[in-house]
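The values are calculated or read from the model by the stated rules, or taken from the named source; none is laboratory data. Keep in mind the model is a prediction, meaning the values are calculated, not measured. Here the Cβ is made from the backbone with ideal geometry for all residues, glycine too, and neighbour counts use every protein chain on show. With ligands, DNA and RNA removed, areas are computed over all heavy atoms of the protein, side chains included. Shrake-Rupley method; radii C 1.70, N 1.55, O 1.52, S 1.80 Å.
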Amino acid sequence: MRAWSLAFVPTLVRRERASLAAALRAPVVALGGAIALNLGLYVLMGRDPVAVVYAMLFEPFLSWASFSEVLLKAGPLLLIAQGLAIGFRAKVFNIGAEGQFILGAIFASAIPVWFPQATGQWIWPAMLLLGAIGGALWASLTAFWRVRLNANEILVSLMLSLVAAQLLNYLLLGPWKDPNGFNFPQSVMFQYDAMVPTLIAGTRVNVSFLITLALSVAAWVFMQRSFIGYKLQVGGLAPRAAGYAGFKEGWAIWLSLLIGGFAAGLAGAAEVAGPLGQLQRSVASGYGYAAIIVAYLGGLHPIGIVISALVMAVIYIGGDNAMVSANLPIAAVRVFQGSLLLAYLIAVAFVRYRLEWRRTAHRSPS
């Protein structure tokens, strides 16, 4: 015979209305959880956790030179994340911003590579514009495959990033390689007029940071105050209702991916025309992937993304400090970034759902 027994099973139940205060606390809780988790990892690795935390989270603020580097890192992260967040809110998941960033850098570099003797203040704005167009064109490949062939935009955009990296290698090892560069895979150094003007004297922060802030304001207006932004959000939250209202899914996919590609391409152009000053393989530094974390950590909200971009930039610069002063491997910095996203997703899950222990009955052999 089988006997009936009672058991309590944990179940996630969706809340009728998510608390705004809880949503605002989620990133803070996630950051604290990620720090605690990584402190344990540092102890297991035999590193001094106090020295690591000091180098990673405090040293970037101890001097103006260090903080200016935080602003420099925050620029591309902020710009790419703002573009991605628009698509994410429309449930269009562009994971290929890294490839679009690379194509933006390539398109922008075409001007100083092909016309190294050109002069004039028109060069660097033209490079930024051309880079943004390059990123949008690369994203359009994903949009085409998604709309016309119903291919998954996550896989297509991700695979195209690998193609973009190989295209970059081909150019730097082939037709665009600097003949006087001692056989290094890099282009010629860009002329003075191909460099974005410095914004803050004595630092590497340039005018592109102001452009990023302006576009962040534009992203807020677009998503919060425009009818097109409203349609994108409705399409993400309630696809059936959006279809009933006449909002076309294909249009939303194209727009979301083009905006994300435009932003990533512009960031890539600003990188080669700013701190790098030439096209290098190191331009593919993972900004496109880190910006995904920035977008979600900021709650996909333009204002939240500004804060999360600064946090991620601090982790970047602080991680470099920790590698030198605390002998921390670079992989540990990437683990910190990944654990931060994981902690945030867990925190958001409990903002939207509550945990209930439900009593269930099941038969057991007797």
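Residues considered: LEU258, LEU276. Of these, the only one that is within 20 Å of GLY131 (Cβ to Cβ), within 20 Å of the chain's Cα centre (by Cα) and either at pLDDT 95 or above or basic (Lys, Arg) (or both) is LEU258. Only one of the numbered conditions (1) touching a residue at least 40 places away in the same chain (Cβ under 8 Å); (2) part of a helix (DSSP H, G or I); (3) closer than 23 Å to PRO116 by Cβ is not met by VAL306, and that is (3). Identify, from the list GLY40, GLY46, GLY32, the residue that is outside any helix (DSSP H, G or I) and modelled with pLDDT of 80 or more. Result of the check over GLY40, GLY46, GLY32: GLY46.
When ILE35, ILE95 are checked against the criterion of being in the same structural domain as VAL196 (by the TED database), open to solvent by 30 Å² or more (accessible area, probe 1.4 Å) and either over 16 Å from the mean Cα position of the chain (by Cα) or within 19 Å of GLN337 (Cα to Cα) (or both), ILE95 stands alone in meeting it.
Let's see how each residue does on (1) of a type in the set (D, E, K, R); (2) in contact with a His (Cβ under 9 Å, 6 or more places away or on another chain); (3) open to solvent by less than 60 Å² (accessible area, probe 1.4 Å):
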site: ARG15; (1), (2), (3): yes, no, no
site: PHE61; (1), (2), (3): no, no, no
site: SER68; (1), (2), (3): no, no, yes
site: SER109; (1), (2), (3): no, no, yes
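The requirement of being assigned by the TED database to the domain that holds GLY96, on the phi < 0 side of the Ramachandran plot, assigned to a helix (DSSP H, G or I) and in contact with a strand residue (DSSP E or B) (Cβ under 7 Å, 6 or more places away or on another chain) is satisfied by LEU172.
In the condition set (1) closer than 18 Å to LEU215 by Cα; (2) in contact with an Asp or Glu (Cβ under 8 Å, 6 or more places away or on another chain); (3) not acidic (Asp, Glu), GLY318 is compliant with all but (1).
Would you check which residues across the range 49-105 are basic (Lys, Arg) and not in a helix (DSSP H, G or I) and list them? Listed by number, the list holds a single entry, LYS91. Could you go through the range 114-122 and let me know if any residue there is in a helix (DSSP H, G or I) and touching a residue at least 12 places away in the same chain (Cβ under 8 Å). No, the range 114-122 contains no residue that is in a helix (DSSP H, G or I) and touching a residue at least 12 places away in the same chain (Cβ under 8 Å). Of the helices (runs of 4 or more DSSP H) that lie entirely inside the range 190-297, those containing 3 or more residues that are open to solvent by less than 40 Å² (accessible area, probe 1.4 Å) and of a type in the set (Val, Ile, Thr) span 287-297. Of everything listed in (1) in contact (Cβ under 8 Å) with a residue 12 or more places away in the chain; (2) assigned to a helix (DSSP H, G or I), the single unmet condition for PRO125 is (1).
Scanning the range 166-189 for residues that are open to solvent by less than 80 Å² (accessible area, probe 1.4 Å) and touching a Gly at 6+ places or on another chain (Cβ under 7 Å) returns no hits.
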